[in-house]
1. Taking the condition of being in a helix (DSSP H, G or I), open to solvent by 30 Å² or more (accessible area, probe 1.4 Å) and farther than 14 Å from Gly210 by Cα, how many residues in segment 249-278 meet it?
2. Looking at Leu94, is it within 25 Å of the chain's Cα centre (by Cα), surrounded by fewer than 14 Cβ atoms within 10 Å (Cβ to Cβ) and among the aliphatic types (A, V, I, L, M)?
3. Pick from segment 163-193 the residues that are of a type in the set (Phe, Trp, Tyr) and crowded, with 18+ Cβ neighbours inside 10 Å: which of them is nearest to Asn273 (Cα to Cα)?
4. Which count do you get for residues in segment 70-106 that are free of Cβ contacts under 8 Å to residues at least 12 places away in the same chain and in contact with a helix residue (DSSP H, G or I) (Cβ under 6 Å, 6 or more places away or on another chain)?
5. Scan segment 57-69 for residues that are in contact (Cβ under 8 Å) with a residue 24 or more places away in the chain and either assigned to a helix (DSSP H, G or I) or open to solvent by 60 Å² or more (accessible area, probe 1.4 Å) (or both) and report the count.
6. For segment 238-248, state whether one or more residues are open to solvent by 90 Å² or more (accessible area, probe 1.4 Å) and on the phi > 0 side of the Ramachandran plot.
7. For Ile105, indicate whether it is in a loop (DSSP other than H, G, I, E, B) and not hydroxyl-bearing (Ser, Thr, Tyr).
8. Which of (1) out of contact with any Asp or Glu (no Cβ under 9 Å at 6 or more places or on another chain); (2) at pLDDT 85 or above; (3) closer than 16 Å to Gly154 by Cβ; (4) open to solvent by 50 Å² or more (accessible area, probe 1.4 Å) is the odd one out, the single condition Arg206 does not satisfy?
Amino acid sequence: MSVFETPFTRVASGQAKRKRRALPRLPDGSALLPYLLPVTIVICWQIASSAGFISSRIMPSPADVAVAFWSTTISGQLPHDVLVSAGRAFAGLLVGGAIGFLLGIANGVSKVSEQLTDTTLQMLRTIPHLAMIPLVILWFGIGEESKLFLTSLGVLFPVYLNTYHGVRNVDRDLIEMGRVYGMGSWTLFRKVIFPGALPSIFVGLRYALGIMWLTLIVSESIAASSGIGHMANNAREFMMTDVVVLALVIYAVLGKLADVVARALERRALTWNPIYQK
């Protein structure tokens, strides 16, 4: 409380806040600003297609893509493939993200664990996981196991590196202060180290989400009997470019939705951090 604060000023401040809450909020145009560029591109794309500057054999118009979206939705193909792809993506995120998170925590807090596993992980990280597709097909076939393995491998390293970096960069003075106040190891981790590492962990999660969809697109295009990648691959064989573009749009929308959810979780988990407060 300020030294200049009195009961009168507190009452006046409360009344002012209530008045501000009572005022109707005007629409905030800044909320729509991020969508201005995509909408402009789609409008220009449609105008160029309608004017004949873009051949429909090479690139279908947005209207054709919308028709393909409606027809595949009515037939039930698109909802089924979206559910299959989303299930694969989040299963891979759960497995790979959990392994990367636990390894990052273990190597961040334990020097022995770091010396034991970090060198091996750094060597594996430099191998492009998509280059392992032929080997993975030999190991697991074209079933769900191969896609789960590739997606898990893709998301493991971003989560691991950012978790490890976050734990290692927690302010040493805060840790020392916690020890001075008598915190045990578990309390110190729960109250100081983990909250301090959360911003970096969320950066790793958001980066891993992009890798997750990229890996799924490639793995479903090469070896799958269902999913959005399989739908796009079949459409390519029949020169149905509208369905191919529709698959790319669906991937983009799913990727954006996943990022929005991750950012919402980030803001909710980091309400104590002034940087993440509105």
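1. 9
2. Numbers: within 25 Å of the chain's Cα centre (by Cα): yes; surrounded by fewer than 14 Cβ atoms within 10 Å (Cβ to Cβ): no; among the aliphatic types (A, V, I, L, M): yes.
No.
3. The initial filter retains those residues of segment 163-193 that are of a type in the set (Phe, Trp, Tyr), namely 164, 181, 186, 189.
Checking which are crowded, with 18+ Cβ neighbours inside 10 Å leaves us with 164, 189.
On the way: Tyr164: 20, Phe189: 17 Å.
Once the filter is applied, the top-ranked residue is Phe189.
4. 1
5. Of all residues in segment 57-69, those in contact (Cβ under 8 Å) with a residue 24 or more places away in the chain come to 57-60, 64-65, 67-69.
Those still in the list that are either assigned to a helix (DSSP H, G or I) or open to solvent by 60 Å² or more (accessible area, probe 1.4 Å) (or both) too: 57-59, 64-65, 67-69.
The number of residues fulfilling the criteria is 8.
6. Filtering segment 238-248 for residues open to solvent by 90 Å² or more (accessible area, probe 1.4 Å) gives 238-239, 248.
Those left that are additionally on the phi > 0 side of the Ramachandran plot: 239.
The answer is yes; a qualifying residue exists.
7. Details: in a loop (DSSP other than H, G, I, E, B): no; not hydroxyl-bearing (Ser, Thr, Tyr): yes.
Criteria not met by Ile105.
8. Status for Arg206: all satisfied but (1).
The values are calculated or read from the model by the stated rules, or taken from the named source; none is laboratory data. Bear in mind the structure is a predicted one, so any value in this text is a computation, not a measurement. Neighbour counts are summed over all protein chains in view; Cβ atoms, including those assigned to glycine, are modelled from backbone coordinates with ideal geometry. The protein model used for the area step is the full one, side chains on, heavy atoms only, and it has no ligands, DNA or RNA in it. Shrake-Rupley method; radii C 1.70, N 1.55, O 1.52, S 1.80 Å.
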